[in-house]
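Novice: This is the structure, below, for whatever I ask next.
The values are calculated or read from the model by the stated rules, or taken from the named source; none is laboratory data. As the structure is a prediction and not an experimental result, all values here were calculated from the model. Counting neighbours? That spans all protein chains shown, and the Cβs are built from the backbone with ideal geometry, glycine included. Please note that ligands, DNA and RNA were not included when accessible areas were found on the heavy atoms of the full protein model with its side chains. Shrake-Rupley method; radii C 1.70, N 1.55, O 1.52, S 1.80 Å.
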Amino acid sequence: MGVFKVVAIILLLIPILGICTFIYQAYSIARSISVVNSEINFLQMNIDWSYIPYPPYIMPIIRYVILTISLTIRNPTDFSIEIESIHYKVYIEGIYVGKGSKGKFVIMPGSQKISFSLSISTDELSNVLKKLINSAIKNGFRNIKIHYKIEGTIDIPIKLFNTIKLPIKVAVPFDLHGTYTYVLKIPKTYRFSS
């Protein structure tokens with residue numbers, strides 16, 4: 001009777017260990033996904049220019065900013081990976097300007113870009129950008145460097161045998177920084193001092 005119990009326990013443990021091994025492998029594959037790059041593809045500032053009686057004789061009034069950002073996600077495995085969602089927060093010049101998420105997509109082996117857009121209209125950001133623009137104009141520059149940061153997480157579900165979704169998901173964090181050069185569109189009537 002004791003031998004049958006041992007055999008039954010062993011037969012029960014073999015599939016459990018196999019399932020646990022598969023879950024561990026799926027978890028390891030999910031953890032290998034990473035966001036390796038970010039870039040601002042498009043940045044538009046809606047600026048009204050007003051003339052003032054002292055240098056630099058022109059002042060920007062920023063109404064809103066629209067930007068499109070892309071993230072490059074790397075999948076180093078030989079398998080396509082389902083992404084449940086990606087959540088992100090965007091900072092420009094250290095100021096929080098917005099957040100968003102993108103849901104359910106698949107990352108093929110290799111690298112893949114995803115893009116998203118934000119429309120921003122905060123007084124704090126407008127004031128910082130106004131200072132950058134004023135400084136550029138005073139120094140005779142026709143562009144400004146804008147520093148940005150994007151942080152967030154990618155949520156990846158764990159599926160048993162790539163079909164049965166388990167109540168487990170992996171949250172892969174990312175935190176990327178970059179610089180974007182914005183070319184100023186100053187009114188043609190304004191002349192830079194030489």
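Novice: For LEU184, which sequence-distant residues (separation of 5 or more, or a different chain) have an amide H within less than 5 Å of its own amide H, given hydrogens modelled in the peptide plane?
Specialist: The list, which skips near neighbours in sequence, is ASN143, ILE144.
Novice: Could you do me a favour and compute the accessible area per residue for segment 14-102, 1.4 Å probe, result in Å²?
Specialist: On the way: 4630 Å² over 89 residues.
Value returned for segment 14-102: 52 Å² of accessible area per residue.
Novice: Using only the alpha-carbon atoms, how far is helix 2-31 inclined from the longest principal axis of the chain? Give it as 0 to 90 degrees, nearest 10.
Specialist: Helix 2-31 sits roughly 10 degrees off the main axis of the chain.
Novice: Using amide H atoms built 1.01 Å from N in the peptide plane, name the residues 5+ places from SER34, or on other chains, whose amide H lies under 5 Å from its own.
Specialist: Result for SER34 returns ARG74.
Novice: For HIS177, put the label point 7 Å out on the Cα→Cβ axis and report which residues of segment 104-147 keep their amide N under 20 Å from it.
Specialist: 125, 128-129, 132, 144-147
Novice: Take the chain, mark every one of the trypsin sites (Lys or Arg not before Pro) that falls in a DSSP loop and has at most 15 other Cβ within 10 Å, then report the longest stretch left between them, sites excluded.
Specialist: It runs 1-141.
Novice: Now for a separate question. What list of whole percents do you get for P(r) of segment 56-97, with Cα-Cα distances grouped in 5 Å bins up to the one holding the largest distance?
Specialist: 5, 9, 17, 18, 13, 11, 8, 7, 4, 4, 2, 1
Novice: Moving on. Over the chain, what percent of the accessible surface lies on carbon and sulfur atoms, probe 1.4 Å? Mind dumping the intermediate values first?
Specialist: Numbers: 6880 of 11670 Å².
Taking all protein chains in place, the chain shows 59 percent carbon and sulfur surface.
Novice: Right, here's the next one. Computed from the coordinates I sent, Kirkwood radius over Cα pairs in Å equals one of (1) 17.2; (2) 18.7; (3) 20.3. Tell me the label.
Specialist: Recomputing Kirkwood radius over Cα pairs in Å here picks out (3).
Novice: Still on this structure, I have one more. Determine the relative contact order of the chain: mean sequence separation of Cα pairs under 8 Å and six or more apart, normalised by residue count, in whole percent.
Specialist: Once divided by the residue count of the chain, the mean separation gives 22 percent.
Novice: Enumerate the amide H contacts of TYR64 below 5 Å, restricted to partners 5 or more residues apart or on another chain; note that Pro and chain-start residues carry no placed amide H.
Specialist: ASN46
Novice: Pulled fully out, how much extra length does the chain show between THR72 and LYS185, if you take 0.36 nm times their separation in residues and subtract their Cα-Cα distance? Walk me through the intermediate numbers first.
Specialist: Values: separation 113, 0.36 × 113 = 40.68 nm, distance 2.96 nm.
Contour length minus Cα-Cα distance gives 37.7 nm.
Novice: How far is helix 123-138 tilted off the main Cα axis of the chain, in degrees rounded to 10, range 0 to 90?
Specialist: Compared with the principal axis, the helix lies near 50 degrees.
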